[in-house]
Each structure stands twice: as C-alpha cells, then as structure tokens.
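Worksheet for the structure shown next.
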Amino acid sequence: MIITPAYPEDLAVILAMRQEASDWLRARGIDQWRRPWPNREAMLNRIAASIAAGETWMIYDDSGNAAATIAVDEFADPQLWTPEEIAQPSMYLHRFIVRRAYAGIGAEILNWASAYAARQGKHWVRVDVWTHNTALHTYYRRHGFQHVRTIESDYPSGALFQRRARADDWDGSGLIREQPHRSASAS
C-alpha cells in the first residue's frame, strides 16, 4: 500500500468514503457524519482547500484501490483547543476514514501521522472526535492517544485527544510506504 498526497480528482472518492463510513456508523446507531458540517458547501470547500494545500493524503492498495484517507494539518480550532494548546507545535488529524474492507490499517496510518508530525518539528498529534462515539474514543486510546477533555456544545466533535509525535513511530517498513507522487494507476 502507498500513502500519497491527494489530488483534486480524489474529492469524489473522499466523499464516497465518507458516505460509506456514515452508512456503516448509522447501522450501528451512531449519527456521525450523517450531515455535512456545518453544511455541504462548507464541507466541500474545506476538503478541496485541504487537498490543494497538500494536507489530505490517500492510501491505496497495490491494485490502485482507495483504502483510506486522512488530512493532517496545523489548524487548531479555537472553539476546541485553548490558546496554550494552540501555541504548542502540533499537527491535527481530520477526515480519517478507512474503508471497511481495509479495517486494520488504521494503526499504521496513525503511526505514519505521528512520524510525519515529528518530521515537521511538531510535538503533538491531536484529533477532535465525535463527542458521542465512545467506541471511537476507545480506538484512539488504544492507539496511544490520551483524552484531553470533552466539550459539550453544538459542535459535533468535542472529544479531544492527543499523542506525542515521534519520528520512530513509523519507518516505512510496514504495510504502508510513503510515495510523494502517485502513479497514474492509482485512482
């Protein structure tokens, strides 16, 4: 598998992956991603801007099938993170989606994100998680993230988690390797 920057044409794939994840969660009684936040246009613009900025990554299997996506950037939402936390060198995870057929690769993607953040000189990898998806909270804890706090508001992702960024969390020798430019066969 490869992890590579997303291209504008990946927007449709990311939206399909988000819908698949939403449907899977809904079948389990979790309303995460049922509606775009705060609306469809804003969501599309946010994803497109993240792709254009080189902050969204795609993970492809060896046949070129999209297996997962993740956005990694420096944006700390001031509605969620304190000024003191924002001042700390950190990378933030967004839109981390693994297709069900590839369940199990998430840990390696999180390790990649940790190493990526460390290579960028960051001390923390942080994520805001759907407030009421306690299974997802457990998932992040299981992968080395510590719960910072949960904010109850109209913002749907108020459970905040962080983990130290470490360059040795991922060395590229596992299932996923980094590729700075995608080959024409991946789509």
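No value in this document is a laboratory result; all are computed from the given coordinates. All of these numbers come straight from a predicted model, not from anything done at the bench. Cβ atoms come from the backbone with ideal geometry, glycine included; neighbour counts cover every protein chain shown.
Worth a mention:
- Sum of side-chain charges, ILE151 neighbourhood, beta-carbon under 13 Å (Lys, Arg +1; Asp, Glu -1): -4
- Less than 5 angstrom separates the built amide H of ALA159 from those of VAL129, THR131, ILE151, all sequence-distant by 5 or more or on a different chain.
- FRET efficiency for the ALA48 to ASP171 pair, using the beta carbon distance and R₀ = 22 Å, is estimated at 0.10.
- Using C-alpha pairs under 8 Å with a sequence gap of at least 6, the mean separation divided by the residue count of the chain gives a relative contact order of 24 percent.
- Helical mean residue ellipticity (222 nm; -39500 (n - 2.57) per DSSP H run of 4+; nearest 500) of the chain: -9500 deg cm²/dmol
- Order of ARG28, ARG164, ARG177, ARG126 - criterion: other Cβ atoms within 10 Å of each residue's Cβ, fewest first: ARG28, ARG177, ARG164, ARG126
- Cα centroid separation - the range 149-166 against the range 48-121, whole Å: 15 Å
- Residue exposure proxy: ILE176, ILE151, ILE59, ordered by other Cβ atoms within 10 angstrom of their Cβ from fewest to most, comes out as ILE151, ILE176, ILE59.
- Here the extension length gained between TYR7 and PHE75 equals 22.5 nm, from 0.36 nm per residue of separation less the Cα-Cα distance.
- If you take all other residues with their beta carbon under 10 Å from the beta carbon of MET43, and give Lys and Arg +1 and Asp and Glu -1, the sum is +4.
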